[in-house]
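What follows is a set of notes on a single structure, which appears directly below.
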């Protein structure tokens, strides 16, 4: 019954990688808390680099400047 | 003043269906809690089936395999 | 499989009222989009009035000033 | 270390405007709470007007009707 | 730089179990996507069983009725 | 109409500080995007340090170890 939301920058994660996140975090909740995987919901949000900030600037700018 | 966030898979919900969710949940908050509809905010996120997991696998895989 | 998150101010909603929100929005998703209620997850967050702002001020201040 | 999530309607915010939100809210957290900007994360979600409701109707309808 | 939000029912998860979720999902993002663990943020929300619904009813009711 | 969600660790932010966050981010949205402050909603979530992770460990552990 848990709900997990990942937010990552949109930089080409493949369907296989996203499936690995879903599988891995669902298993983590089984192992750590004994949660039922059948009702564990995972949502992955991919966010444009213009829309993600850290250190007060966008990831677009950081990537451009090599930070 | 309440805020409601729906997350659904992106599988062709129409503008009319989304309007029905907005209208319905706003009225529900009026009926149950007496909330002011004028300041009730509703946001619907549609999520690609690759990015939604349940039972440890993506909805894309579940649909393909008829689960 | 949908996920719904309500955020409301913490002002004494009862267990019965919260159950009515859960039941109502789950049924809304059945009626509008044909979603399976068995995997529809609803989470209600109750937020202190100091921690909720609208119009640039907290709900605590608005309540005190009769707005 | 704070995390800030903006949700705004998708109506043409520019990269510069989004950068200004990121910079401004990061500085606000420095000024008010002394938070470290280097680990302050900001995510901006832009939401289609069909998917945003207020007053029980979508923003698409409100814009069309001049509300 | 990823952000992960877990929502689980408030049913006695220990600090050790929560630390295991934080460690496990951070490592998962390293393994699958090569993300930098130093800027990976994880937030765990524990939700009262009255405030969590599945199948149209609260977890409180489901637990009471043995579902 | 925008919605802003802050997540910060629960470490004694005062009502005045939270009011300053609400006022400041609402004004930021006026200045940058011309948003209407009357319908701008801000929600501040304060999260226990056991429930917040960065660098793969909880803030509780980081504080204890002087990181």
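Rule-based calculations on the coordinates, nothing more; no lab input. Note that this is a predicted model, so its numbers are computed, not measured. Neighbour counts are summed over all protein chains in view; Cβ atoms, including those assigned to glycine, are modelled from backbone coordinates with ideal geometry.
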Study note, to complete from the structure: The ratio Rg/Rh over the Cα atoms of segment C:3-64, Rh being the Kirkwood inverse mean 1/r radius, stands at 1.11
Review point. Ranked highest first by the average count of other Cβ atoms within 10 Å around their residues, in what order do D:54-64, C:46-56, B:7-17 fall?
Key: C:46-56, D:54-64, B:7-17
Review point. Measuring label to label, 7 Å along Cα→Cβ, what does residue D:12 give against each other copy in nm, shortest first?
Key: 3.3, 3.3, 4.8, 4.9, 5.8
Check your understanding: In peptide D:26-33, what is the residue-averaged number of other protein chain Cβ atoms found within 10 Å of each Cβ?
Key -> 6
Check your understanding: Rounded to the nearest 5, what % of the DSSP beta bridges within chain E are antiparallel ones?
Key -> 20 percent
Revision key, fill the gap. With one decimal in nm and the nearest listed first, the spacings from residue B:65 to its own position in the other copies, using label points 7 Å along Cα-to-Cβ, are 3.1, 3.8, 4.7, 4.7, 5.8
Study note, to complete from the structure: Placing each pseudo-label 7 Å from Cα in the direction of the beta carbon, residue F:17 and residue C:36 end up separated by a distance in nanometres of 4.5 nm
Check your understanding: So what are the protein assembly as shown's ellipsoid semi-axes, whole angstrom, largest first, if each one is the square root of 5 times an eigenvalue of the alpha-carbon gyration tensor?
Key -> 27, 27, 22
Review point. Using the alpha-carbon atoms, what tilt in degrees (0 to 90, nearest 10) does helix C:15-33 show relative to the longest principal axis of chain C?
Key: 50 degrees
Practice item. Rounded to whole Å, how close does chain A get to the rotation axis onto D by Cβ? Give me the residue too, please? Key: A:45, 4
Check your understanding: Roughly speaking, what is the centre-to-centre gap between segment C:6-67 and segment E:1-38 when only Cα atoms are used, to the nearest Å?
Key -> 27 Å
